[in-house]
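Contents: one structure, followed by commentary.
The values are calculated or read from the model by the stated rules, or taken from the named source; none is laboratory data. What you see is a predicted model; the values in this text were computed from it and never measured. In this analysis, Cβ positions are derived from the backbone assuming ideal geometry, glycine residues included, and neighbour counts consider all displayed protein chains. Surface areas here come from the heavy atoms of the whole protein model, side chains and all, with no ligands, DNA or RNA. Shrake-Rupley method; radii C 1.70, N 1.55, O 1.52, S 1.80 Å.
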Amino acid sequence: TGCSRSPGPSGWTEELLSYAANHPRANEALAAMTLDILNGNVSALTKQQLTQSRLVGIPKPGGGTRPIAIGECITKLAGSYALQAAGPELRKQLEPIQRGLSQSGCEEIIHAARAHLSKNPNHTLVLFDCKNAFNSVDRRAMASGLFSRPSLCRLWRLFGLL
């Protein structure tokens, strides 16, 4: 589902959603909630609850703390569903510059790099780890490519990213 095993503020986890999904009435309710989220049919209070995160501090090896935000599982489920539905089109548009759109995307990058380096032993692979890269990019510029996918735009609006 795209949820983690650690719960967000509500305490719901992937295991709880999976358990509910195996019961017909609960599964219908989950589907309805997911569609309401994707269609933007949520109240201001529900939006506030859906966008809350539980913050956890993970110690960095060199000192300091890496903040990790654990969001609500139902919101992640809705996001995963929207991305899965949009995936083929998004991949077609973004894959020339973005390969990590799926779980296999990272593996594809590794295999492509290995194949290139084995064919070109005099080449060097350089890796860059941009500090806080997502937060340093203009979200409106990122979102401009999503306007053809209304459910993705509504998710961005739900989180106040647009």
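Only sites in a loop by DSSP and with at most 10 other Cβ atoms within 10 Å count here; which trypsin sites (Lys or Arg not before Pro) in the range 1-96 make the cut?
Arg5
With the crude spin-label approximation of a point 7 Å out along Cα→Cβ, what separation in nm comes out for Ser43 versus His123?
It is 5.7 nm.
Read phi for every residue in the range 114-124 and hand back ³J(HN,Hα) as whole Hz from Karplus 6.51 cos²θ - 1.76 cosθ + 1.60, θ = phi - 60°, with x for Gly and Pro.
4, 5, 5, 5, 6, 7, 10, x, 8, 8, 10
In whole Hz, what ³J(HN,Hα) sequence does the range 27-38 give by Karplus (6.51, -1.76, 1.60; θ = phi - 60°), x for Gly and Pro?
Those phi angles translate into 4, 4, 5, 4, 4, 5, 5, 4, 5, 4, 4, 5 Hz.
Given a 1.4 angstrom probe, what's the average accessible area per residue across the range 1-57, in square angstrom?
About 66 Å² of surface per residue is accessible.
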